[in-house]
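Take a look at the structure below.
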Amino acid sequence: MENNQKEKKYALVTGGSSGIGMELTKLLIMDGYSVIVVAKPQDELDHAKAWFDKNMPNKEIIYFQQDLGTPGAAQKVYDFTSQNGYDIEILMNNAGFGSFGWDHEFEIARNLNMLNLLVITIYHMTRLYLKDMMAKDRGKILITSSQGGLIPTPKSAAYSAGKAFSYFYGLALNEELKDLGSNINVTVLLPPPTRTGFQHAAKMDHLTTFDKGSKFAKDPDQVALEAYEGLKKKKMFVLVGKADRMMLKMINPFARERVIRRLMKLTKMGTKEKKEK
């Protein structure tokens, strides 16, 4: 069994039972990967399993129920894959949920759970699997951030701050790996408003942002496809949709790859190590 598993290609997708994550899971399966799907809602996992059993039968999909917003969640996922011999080639840190409204009115516990997921779990999960990838000098990591992470966003203050962490962490980590000559790459996905269950969980159903007629909203299959193609091409980040790319590059310098590379080069110039005498 161990030898058989070593021949397989394994990918792990958090939030892989719905929305963008489920579309990423489909793409990975079509590319020959066995996929570990991690999500919190058991009903979503059951629904995903029923869909895959019907539409993509005889494919290896492992379902693992875990609330990724709780302390130690990343370690539990890592222990599960390690103990079962699943050697992860692609890690997709995709799980997330949002909050919309006046920050002082939110339940503190809910937003702490959200920030633990968007910051601590993403960092911990990345570090755990990156260690294994470094040992074999191969692997790919996708981190789902948000266009909301590019600017401070009133009424999504904590959410946009959490997404800013994943954006800057992913970019800086990818640059570190390049400096080391590593074959591992980290790609950050910056999705626009996407028609999934996100808006309902974030209490944004009353907004027109996610409507079918919206110029900004996208469907999850389009977002996932562009994200996966960008990951395979080792892109620094992925902005979905031509119009979105043009608009964001005009109004926000942090949405321009050339600008980011120059800024990171400047930070490295300012942190050169002293030469030994």
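The values are calculated or read from the model by the stated rules, or taken from the named source; none is laboratory data. Nothing here was measured: the structure is a model prediction, and the numbers come from that model. Please note: Cβ atoms are built from the backbone with ideal geometry, for glycine as well, and neighbour counts cover all protein chains shown. Side chains are part of the model used for accessible areas, which takes the heavy atoms of the whole protein and leaves out ligands, DNA and RNA. Shrake-Rupley method; radii C 1.70, N 1.55, O 1.52, S 1.80 Å.
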Relative contact order as a percentage, region 5-130, C-alpha pairs under 8 Å and 6+ apart, gives 30
What nm value, rounded to one decimal, do you get for the distance between residue 134 and residue 80 when each label is placed 7 Å out toward the C-beta?
2.5
Rounded to the nearest 10 Å², the 1.4 Å probe accessible area of residue 110 is 70
Quick one: 3J(HN,Hα) in Hz for region 96-111, Karplus 6.51/-1.76/1.60 with θ = phi - 60°, rounded, Gly and Pro as x.
x, 8, x, 8, 10, x, 6, 4, 5, 8, 6, 5, 4, 4, 5, 6
List the pairs from 59/234; 9/59; 8/49; 76/233; 54/235; 9/234 whose alpha-carbon separation is above 23 Å, in the order I gave them.
59/234; 76/233; 54/235
For region 19-130, which whole-number percentage of the solvent-accessible area (1.4 Å probe, protein heavy atoms only) is attributable to carbon and sulfur atoms?
53
Place a point 7 Å from Cα of residue 31 in the direction of its Cβ. Which residues in region 168-190 have their backbone N less than 18 Å from it?
174, 183-190
Would you please give the FRET efficiency between residue 127 and residue 42, computed as 1/(1 + (r/R0)^6) with r the Cβ-Cβ distance and R0 = 22 Å, to the nearest 0.05?
0.20
Got a sec? What order do 47, 104 fall in by accessible area at 1.4 Å, biggest, i.e. largest, first?
104, 47
With a cap of 15 neighbouring Cβ atoms within 10 Å, and only residues DSSP puts in a loop, list the chymotrypsin sites (Phe, Trp or Tyr not before Pro) found in region 53-156.
102
Express the accessible area of region 43-195 per residue in Å², computed with a 1.4 Å probe while the remaining protein chains stay in the model.
45
Loop sites in region 39-133: GluC sites (Glu not before Pro), DSSP, at most 14 other Cβ within 10 Å
60, 107
